[in-house]
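S.K.: Pasting in a structure now, in structure tokens, and then I'll have a few things to ask.
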Amino acid sequence: MRRPPRAEVLGAILMIAAALCGCGRSSTADQAAPAPATSPSVTVSAASLRSVTPAGTFVGRVQAVNTVNLVSRVEGFLQKRAFTEGQPVKTGDLLFVIEQDTYQAAVDQAQAQLASAQATERNAALVLQRSQELVKTNAVAQATVDQNLANQGTAAAAVRAAEAALEQANINLAFTEIKAPIDGRIGMANVSVGNFVNQATGTLATIVSQDPIYVLFPATTQQVLDYRQRTAKTPGAGSNPVVHAILPNGQEYPHAGTVDFLDIQTNQAADTLTVRAVFPNPDNWLVAGQIVNVTVAAGEPTQTLTIPQAALQVDQSGSYVLVVASDDKVEQRRVKLGPVQGPDITVSDGLKPGELVIVEGIQKVRPGEAVTPTPSVQSGP
């Protein structure tokens, strides 16, 4: 049999190798081909109009209506503490007892002195009566009667002095029992049982009233004047504005307060007036000394554009939001803000009703980028 020429064999081998290399390159290229890009998903909420009452926002401090610092009015060793620190107390509740033996002895002594003075007075009155009878028969001189009259007056005065001394002794004895002068809550005891106390010791404990409670905040003289002029033009407007408090955790305090006092003098350094509002405090959510934000209604409700606070971003140039346009691309929009309304915030410029602002996924997108918007649960369909 005739063998094929060597050139033909070599050509066949090269053709087969080229085919195999081509297949390998095609497979590798298919594996390395990138997957088609997808738009990031974001959660959006529509800017909407709400009925909002114009209000001024202030920073206030809670203050008890009544605060009493308990001090000792007599001296002695502290014998008993009759309360648990932090507990509610009622007027008349026994709180501290100072050793009473010395003061009880003083009462007993004063009673004995009063009894002696009363006996002396009775005897002086009898002597005077007898001398007045005898002087009629010239059995005694008139001078004797006059002396007996003076003695009887001195004895009567001694009785009154003894009565006063007994009353003071009883008062001092009563002061050994320190009782609550108001309803409220008592704080920590500053002196423990067994220590010697007197007026110089200072505050033994403090009681603060709880319900109602005050919130004091500063308002500028212009704000006060604007409010007065506005209410003067509104028939039937109340003279005491309604005040709402925002708790430190961001929640609105459930009970509204009313302004009951406006300071009569301006703080000249800040041109402000101190405003005092009184709030019900049945659950003791407001605590004396606490700082809260307060809003004061300043007019009639108006339709105002609002967005969730979660959509708000801030940089060196101010506040902005990311808006998803009709072509699903992101736009950065500068906005002017108004008062906070719970979880939302009012917008006075920069947005229109119905525009979609991003509330979740803000960190994943940039202006000009296409996104896949999903309505938030709160915003509804």
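Here, each number is a calculation from the coordinates, and none is a lab measurement. As the structure is a computational prediction, the values presented were derived from the model and not from experiment. As a convention, Cβ positions derive from the backbone with ideal geometry for all residues, glycine included, and neighbour counts pool all protein chains shown.
S.K.: With labels modelled as points extended 7 Å from the Cα through the Cβ direction, what inter-label distance (nm, one decimal) is found for D263 paired with Q290?
M.R.: 2.3
S.K.: First select every other residue whose beta carbon is under 10 angstrom from the beta carbon of S41; then total the charges, Lys and Arg +1, Asp and Glu -1.
M.R.: 0
S.K.: Still on this structure: Can you list residues whose amide H is under 5 Å from S41's amide H, if they're 5+ apart or on another chain and H is modeled 1.01 Å from N?
M.R.: Amide H neighbours of S41: T372.
S.K.: Nearest 0.05, what FRET efficiency do Q129 and E177 give at R0 = 41 Å with Cβ-Cβ as r?
M.R.: Given R0 = 41 Å and the Cβ-Cβ separation, E is 0.35.
S.K.: Quick one: putting +1 on the C-beta of Lys and Arg, -1 on the C-beta of Asp and Glu, what dipole do you get for region 50-132 around its Cα centre, in Debye to the nearest 20?
M.R.: It comes to approximately 460 debye.
S.K.: Quick check on the exposure proxy: order S319, S51, S45 from fewest to most C-beta atoms within 10 angstrom.
M.R.: S51, S319, S45
S.K.: For region 306-348, rounded, prolate or oblate, judged on the Cα gyration tensor with a ≥ b ≥ c (square roots of eigenvalues), a/c < 1.5 rounded, else prolate if a/b > b/c?
M.R.: The shape class here is oblate.
S.K.: Give me the dipole magnitude in Debye, nearest 20, for region 101-175 about the Cα centre, with unit charges on the beta carbon: positive for Lys and Arg, negative for Asp and Glu.
M.R.: Using Cβ point charges on Lys, Arg, Asp and Glu, region 101-175 gives about 340 debye.
S.K.: Long-range amide H contacts for F196: which residues qualify at under 5 Å (H placed 1.01 Å from N, peptide plane, sequence gap of 5 or more or a different chain)?
M.R.: Excluding prolines and chain starts, which carry no amide H, the hits are L78.
S.K.: Considering the dipole of region 101-175 built from charges on the beta carbon (Lys and Arg +1, Asp and Glu -1) around the Cα centre, which of N151, I171, V107 is farthest to its positive end?
M.R.: The residue sitting farthest along the positive end of the dipole is N151.
S.K.: Which of rounded, prolate or oblate describes region 101-175 when judged by the alpha-carbon gyration tensor and an a/c cut-off of 1.5?
M.R.: Prolate, since a/c reaches 1.5 and a/b exceeds b/c.
S.K.: Let me ask you something else. Taking amide H atoms as placed 1.01 Å from N in the peptide plane, list the residues 5 or more away in sequence, or in a different chain, whose amide H sits under 5 Å from that of A205.
M.R.: L70, N190
S.K.: Quote the FRET efficiency, to the nearest 0.05, computed for R230 versus Q199 with a Förster distance R0 of 56 Å and r equal to the Cβ-Cβ distance.
M.R.: 0.60
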